[in-house]
1. Search segment 512-528 for residues that are within 22 Å of Gln566 (Cβ to Cβ) and away from ligand 2 (no atom under 13 Å from the Cβ) and pair each with any residue that is part of a loop (DSSP other than H, G, I, E, B) and of a type in the set (Lys, Arg) when their beta-carbon atoms are under 7 Å apart and the residues are at least 6 apart or on different chains.
2. So if I check each of Thr79, Thr69, Thr57, which one is more than 35 Å from the chain's Cα centre (by Cα) and β-branched (Val, Ile, Thr)?
3. Restricting the search to segment 733-776, which residues are within 16 Å of ligand 3 (Cβ to nearest atom) and not in a strand (DSSP E or B)?
4. Every residue in segment 538-549 that is assigned to a loop (DSSP other than H, G, I, E, B) and within 11 Å of ligand 3 (Cβ to nearest atom), please.
5. Counting just the residues of segment 582-591 that are at pLDDT below 90 and touching a helix residue (DSSP H, G or I) at 6+ places or on another chain (Cβ under 7 Å), which one comes out surrounded by the fewest Cβ atoms within 10 Å (Cβ to Cβ)?
6. Quick check, is Pro14 closer than 25 Å to Ile795 by Cα and either modelled with pLDDT under 95 or touching a Phe, Trp or Tyr at 6+ places or on another chain (Cβ under 7 Å) (or both)?
7. For segment 403-444, which positions are among the aromatic types (Phe, Trp, Tyr) and under 18 Å from Glu392 (Cβ atoms)?
8. With the requirement that a residue be surrounded by 15 or more Cβ atoms within 10 Å (Cβ to Cβ), closer than 14 Å to Tyr305 by Cβ and not polar (S, T, N, Q), what does segment 258-277 give you?
Amino acid sequence: MSSQNIARVVVDVPSSQTNRPFDYRIPDKYQGIVQPGVRVIIPFGPRKVMGYVVALTDESEFDTLKPVTDVLDLTPILTSELLNLGKWLTDKTLSFYISSFQVMLPQVLKAKYKKELWRLEEEELPHTLEQLFAGRDVIDFEEFEQAGISYHQLQKVVHDGLIDVHYEVKSKETKKTTRMIQPGKDALELEEAGVDLPKQAVKQKEVIHYFIENPEPVSQKHLLAELKTTRASLKPLLEKGLLKEFKQEVYRDPFKNREFERTEPFPLTEEQQAAITPVLKDIETNSHEVMLLHGVTGSGKTEIYLQSIQEVIDKGEEAIMLVPEIALTPQMVERFKGRFGSRVAVMHSALSAGEKYDEWRKIQRKEVQVVVGARSAIFAPFTNLGIIIIDEEHETSYKQEDHPRYHARDVAIYRGERHNCPVVLGSATPTLETFARAKKGNYRLLTLSKRMNDASMPEVELVDMREELHAGNRSMFSRALMEKIQERLHRKEQVVLFLNRRGYSTFVMCRDCGYVSECPHCDIALTYHRKQERLKCHYCAFEEPLPSRCPECESESIRYFGTGTQKVEENLQQLLPEAKVVRMDVDTTRRKGAHEKLLSQFGRGEADILLGTQMIAKGLDFQNVTLVGVLTADSLLNLPDFRSAEKTFQLLTQVSGRAGRHLKPGEVVVQTYTPEHYSIELASQYDYNQFFSHEMKLRKAFQYPPFYYLTLITVSHPNQLKAQEVTQKICKFLKGKLSDSSTILGPTPSALARIKDRYRYQCMIKYKQEPEQRKLLKKVLHYYDEDIRKNELQISIDFQPYQL
Ligand code: ADP
Ligand code: ZN
Ligand code: ZN
């Protein structure tokens, strides 16, 4: 063990040349401290960079090794399973090795930070450390380093939980929330602000001032450290009753002050019982198996997840529950918190960096057994997994679009194999890939065919918008939809209106010459934002004021077109001035907590109509919603994407599931210009099986997944010719090397041919089997490494792409 004085380190220098571990010598003082899974600082060329230790060894092919400069962790932050997973991910997705680790860890551990030592318990520390802290609870890490105390001593007390190495993020935004963590300590809160204190009470005034600036409760320990003072200065304030002392909960908790009503497990229906039995059996026998739980919304899938997880917890094991980001609604979280209480960690993007870090720490310290989270929660550092569940497995958000370009489903199966536990994929509309595997028997198919409480899926009415036009109705609301909305308003019931954001936005066009305002840096029309009276690009930061005259022909008839949510809201208010409308889209939900606030407004019945984009399609469950309207069912169909029919079917099914989930029956109105399209027609009949067989025939005929695999290579360069030339060269190279049964398409301009002043071309490989493919593509990346590092050329390789 002690002879292993060389560390293999993956360095934070993302490039194809550095995509392997480098060897560093471990100086004596770090012996036993530097171990696999800790972060270190190492010299790399002229710079010092961060790196992850992936292994220790006693021999290197190099004679002289540079030493490790600093150690950032005293206990590993990556388990050996995650270290192996990182390697696997890197190879599988041809990503930067470093990015595979970055994606597993909370942001705080990647940012610039101040390192501190925090004393956690009153218990006696070893003499040298006790002296160092000298009555304080927080000290700067530098002080520790200067004191010359051995790392081993520190490592031991960190291990025993007496001291914590804490990272205070330097950025302004996260600083505030970081302030409130303090395990198990008494907290303080200001009771009264406008007080007169004697002139000489400088410290007391500082304390009051502190609270005026930071009104949130704070731990004593942190307050004292922050103000460099002692408890003596708090005492008079406490005695006067200006400050209140109380027990603070352990972590920054986004759900604090929220009571979760405890929910008891339901006795399962016969169908649910049949579906859960094999899951429970796998849990009991530690068997790995992938299962597809296929059931419409409201058929009781979530109850099956909850009861399976309960079994896992009872066995002393851990569970990962993935839900799509937009389905991480307060309602969803409530169901898990309500059943498992404080044993659940929640991870999603609406949390602050500090909150995310704390949730992650709970998992790392084994203080929770369940994590409910979006895509990256699949990397939760559990060591004893009993189940992994992916709800809405067809959601495209499970695929990461940047390094490493992984799909959470693949990672789930990887981890499920290693932990010998079941992986359950749930959906009403599984991807064709998954359903095909289930039909073949590669996955076990579990089916829920009925909705709970004998509720039926709501009746769907398709409205042909061409006929509306013929009848002289030019509005975006059909007569049928209008009539039904009015009915609901009259009956004091609620309505959800859905507008697909993609494919439809509000753009500005000149009525005289047809000029459209486009982004000067991207090949895309600018979107009109009414509140600010500005045009914005959704791909780069470009914006400009709304022109009053056409820049081409000077005409004043330059207007905005299209159907943005803002415009729909306006029209709706004109038609139904008495209706209260809540609008939910990227603009109204930008602020933290806005999403939740709008939903609870609607839930309390303070609005009649909820109007929104994708984000209202999932997970919502409102008693009083009896009508769902889809304004533009075709907008997805027109996208240049082989999955467009599948996505349309999925979206329509999902949206329809929002209506009539309770006692009152629901109705759905779908407006479309192509009611005869099979995806729209079959979605209106909830006929997944029919859709599946029809779509499979087309996929086969056009050589698409699941019959063929795809690899998409996108090349971008500021110079259009160069971008095309490189793509051409790559296509040619691949054509010469890949097998004859593969098809190589390209070079063709990407669907978005220019973004941020970079021209984009692509090459697509369609194949059944191509074992040498990764090797060849690695060669390509190596060949262009110089240009890529200068950031002139970008080559992205995407296996099984979701966005074409
Ligand atoms: P899904 O996840 O498929 O949409 P849910 O698990 O949310 O379905 O179930 C739909 C509704 O039925 C929920 O309100 C849930 O509480 C209720 N439910 C689920 N299982 C049962 C059961 N066995 N008995 C009674 N109610 C149930
Ligand atoms: Zn014009
Ligand atoms: Zn732009």
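The values are calculated or read from the model by the stated rules, or taken from the named source; none is laboratory data. In this text the structure is predicted, and so the values were computed from the model without any measurement. Reconstructed Cβ throughout: ideal geometry from the backbone, glycine too, with neighbour counts over all protein chains shown.
1. Between residues of segment 512-528 that are within 22 Å of Gln566 (Cβ to Cβ) and away from ligand 2 (no atom under 13 Å from the Cβ) and residues that are part of a loop (DSSP other than H, G, I, E, B) and of a type in the set (Lys, Arg), the close pairs are Cys522/Lys756.
2. Answer to the selection: Thr57.
3. Hits for segment 733-776 are Lys756, Asp757.
4. Within segment 538-549, His538, Tyr539, Cys540, Ala541, Phe542 meet the criteria.
5. Filtering first and then ranking leaves Thr588.
6. yes
7. Correct list: Tyr406, Phe435, Tyr443.
8. Leu268, Ala275, Ile276
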